[in-house]
Amino acid sequence: MNYYKRHIGDYAAATRHLSMLEHGAYTMLLDIYYTSEQPLPADLKAAARKAGARAKDEIAAVETVLQEFFVLEEDGWHQKRCDVEIAAMQAKQDQNKAIGKLGGRPKKEPNAAKKENPDGFQEETQTVSENEDSSNQNITQATSHKPLANTEDGENDSAVLPCPQQEIIELYHRLLPAGRQVREWTPARQSVLRSRWREKAARQKLEWWERFFTYCAASDFLTGKTSTPGRKPFEVSLDWLVKSENMAKVIEGAYENERAAA
């Protein structure tokens, strides 16, 4: 993403107490988040370096902003508003790709009177002002960067082979009952699952996910049946399985049971 809208009133209400240095740190972190479309590094030094923080007070400002406005998860520091806007932009991209495969948006008739949404598509504009939004597929608008309650991110109905998130969750619950139950499927987790779904055509079928979860269920390690002294048994979760590196290891057989010696 190379653009996001910033509502000054909402931002000011949530950040009025910050110092000028902390405002700068927050702005840099938001720019990095939107540009990379990924959470910030979990390691403070790495996050500070990305933001250009070198002096002790600059690094301290980055740490203060991260702890107040971001949430640390397994894959890094998440900002909920950023995750919502990035997911919305990706859904818009999917829609535009689908429209492109269908021949693109309908052409306007010359000298015809302007109609309101005549063929089910919003008309586009190349002008962006205070009261107008661009429809460019690489642009999305953020309304605020205050911490938000979790929101549901519905899949775009017009996208080609949309990811059936709920059906995949139900398959996971049914075939891996020993795994951690999904209680909160955040926009960030939806985005990761959608990425795995779109990576290969074979994965764009529920049958593939049924075979994948069945394969996982045969692993003693993934189902918590193996243990190491002094450690709790591993507890698999859906968001762990759909992370790129973890899924690759599972598919490559890293967690298959050891065969008994002949």
Exercise. Determine which member of the set LEU193, LEU206, LEU175, LEU171 is among the hydrophobic types (A, V, I, L, M, F, W, C), touching a Pro at 6+ places or on another chain (Cβ under 8 Å) and in contact (Cβ under 8 Å) with a residue 40 or more places away in the chain.
Key: LEU206
Exercise. Answer yes if at least one residue in the stretch 23-34 is free of Cβ contacts under 8 Å to residues at least 40 places away in the same chain, closer than 21 Å to PRO187 by Cβ and not acidic (Asp, Glu), and no otherwise.
Key: yes
Exercise. Note down all Cβ pairs under 7 Å where the first residue falls in the stretch 4-22 and is on the phi < 0 side of the Ramachandran plot, the second is acidic (Asp, Glu), and they're at least six residues apart or on different chains.
Key: TYR4/GLU85; LEU21/ASP57; LEU21/GLU58
Quiz item: Out of all the residues in the stretch 46-55, is one or more under 24 Å from VAL192 (Cα atoms), over 13 Å from the mean Cα position of the chain (by Cα) and free of Cβ contacts under 8 Å to residues at least 12 places away in the same chain?
Solution: yes
Quiz item: Just for the stretch 225-260: of the residues that are surrounded by 10 or more Cβ atoms within 10 Å (Cβ to Cβ) and among the charged types (D, E, K, R), which one is farthest from GLU184 (Cα to Cα)?
Solution: GLU256
Practice problem: Kindly establish whether LYS50 is in contact with a strand residue (DSSP E or B) (Cβ under 9 Å, 6 or more places away or on another chain), over 19 Å from LYS80 (Cα atoms) and either among the charged types (D, E, K, R) or surrounded by fewer than 18 Cβ atoms within 10 Å (Cβ to Cβ) (or both). | Solution: yes
Exercise. Return a yes/no flag: does the stretch 196-212 have any residue that is of a type outside the set (A, V, I, L, M), assigned to a loop (DSSP other than H, G, I, E, B) and farther than 21 Å from GLU37 by Cβ.
Key: yes
Quiz item: How many residues are within 20 Å of SER195 (Cα to Cα) and either among the β-branched types (Val, Ile, Thr) or at pLDDT below 90 (or both) if we restrict to the stretch 208-262?
Solution: 4
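The values are calculated or read from the model by the stated rules, or taken from the named source; none is laboratory data. Source: prediction; values computed, not measured. Using ideal geometry, Cβ is built from the backbone for each residue, glycine included, and neighbour counts are taken over all protein chains shown.
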